[in-house]
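Undergrad: For reference, the structure I am asking about is given below.
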Amino acid sequence: MEIKIRELCKSYGKKKALQNFDATFENGIYGILGPNGAGKSTLMNILTDNLLRDSGRILCGGKDILKWGAAYRKSLGYMPQQQQLYETFTVTEFLAYMGTLKGMKKKEIRARMELLFPLLNLDKVKRKKIKELSGGMKQRVLLLQALLNDPKILILDEPTVGLDPNQIIEIRSLIKSLGEKHTIILSSHILSE
């Protein structure tokens, strides 16, 4: 699915986070690289409709995302940079909750979890409370929730933060395989990413 961004601007007071930003994204993997504070997370939050832009346009399939509304958000999978998880939930409870928020039916949520748990090597921890997981496992849970609704567009804000080198390789491989059928936009401040 094609996303076109034209003359996108966002300021916080006098600080300009984005100024006349233009980009076009189609199926494939796109990296947004920049140092901390460069506006990457601001862009991600605008693309996910979590933050209003000051000006400019974002078109998805030729139509502004603000006019798509909920239909646009349903086509998204979003993995935020910050690990904001419900620590007392088990992994399965958290994912069921997130699936419900995405408007998914229980049967559909279960089927997607059965498919995605082994893909992300989370089978062994699905009944554990999130507070018992390592930082890397929490990142995997966040990635799984982003994939839960089988999105056409996947937005990943610093997806490998906190992962060990082997986990980074696994996540990169998974993202690469998803890039054939999805539009994936990921941000990083690490040049090697």
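Undergrad: Just for the stretch 1-46: of the residues that are under 18 Å from Ile175 (Cβ atoms) and among the charged types (D, E, K, R), which one is surrounded by the fewest Cβ atoms within 10 Å (Cβ to Cβ)?
TA: Glu26
Undergrad: Then there's this: Part of a loop (DSSP other than H, G, I, E, B) and either open to solvent by 50 Å² or more (accessible area, probe 1.4 Å) or touching a Leu at 6+ places or on another chain (Cβ under 9 Å) (or both), is that true of Arg73? Steps first, please.
TA: Numbers: part of a loop (DSSP other than H, G, I, E, B): no; either open to solvent by 50 Å² or more (accessible area, probe 1.4 Å) or touching a Leu at 6+ places or on another chain (Cβ under 9 Å) (or both): yes.
No: the conditions fail for Arg73.
Undergrad: Considering (1) touching a residue at least 12 places away in the same chain (Cβ under 8 Å); (2) open to solvent by less than 90 Å² (accessible area, probe 1.4 Å); (3) farther than 21 Å from Glu2 by Cβ; (4) of a type in the set (A, V, I, L, M, F, W, C), say which one Ala111 fails and leave the rest.
TA: Failing condition for Ala111: (1).
Conditions (1) of a type in the set (Val, Ile, Thr); (2) touching a Gly at 6+ places or on another chain (Cβ under 7 Å), marked per residue:
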position: Glu7; (1), (2): no, yes
position: Gly13; (1), (2): no, no
position: Gln19; (1), (2): no, no
position: Ala23; (1), (2): no, no
position: Asn27; (1), (2): no, no
position: Leu33; (1), (2): no, no
position: Ala38; (1), (2): no, no
position: Thr48; (1), (2): yes, no
position: Leu51; (1), (2): no, no
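Undergrad: If only one of Asn149, Asn121 is open to solvent by 60 Å² or more (accessible area, probe 1.4 Å), at pLDDT 85 or above, among the polar types (S, T, N, Q) and not in a helix (DSSP H, G or I), which one is it? Even if it seems obvious, please write down each step before you answer.
TA: Numbers: Asn149 fails: open to solvent by 60 Å² or more (accessible area, probe 1.4 Å).
It is Asn121.
Undergrad: Still on this structure: Only one residue in Ile46, Ile29 is part of a strand (DSSP E or B) and within 18 Å of the chain's Cα centre (by Cα). Which one? Spell out the reasoning first.
TA: Numbers: Ile46 fails: part of a strand (DSSP E or B).
Going through Ile46, Ile29 in turn, the sole match is Ile29.
The values are calculated or read from the model by the stated rules, or taken from the named source; none is laboratory data. In this text the structure is predicted, and so the values were computed from the model without any measurement. Using ideal geometry, Cβ is built from the backbone for each residue, glycine included, and neighbour counts are taken over all protein chains shown. Just so you know, the surface numbers come from the protein's heavy atoms only, side chains and all, with ligands and any DNA or RNA stripped out. Shrake-Rupley method; radii C 1.70, N 1.55, O 1.52, S 1.80 Å.
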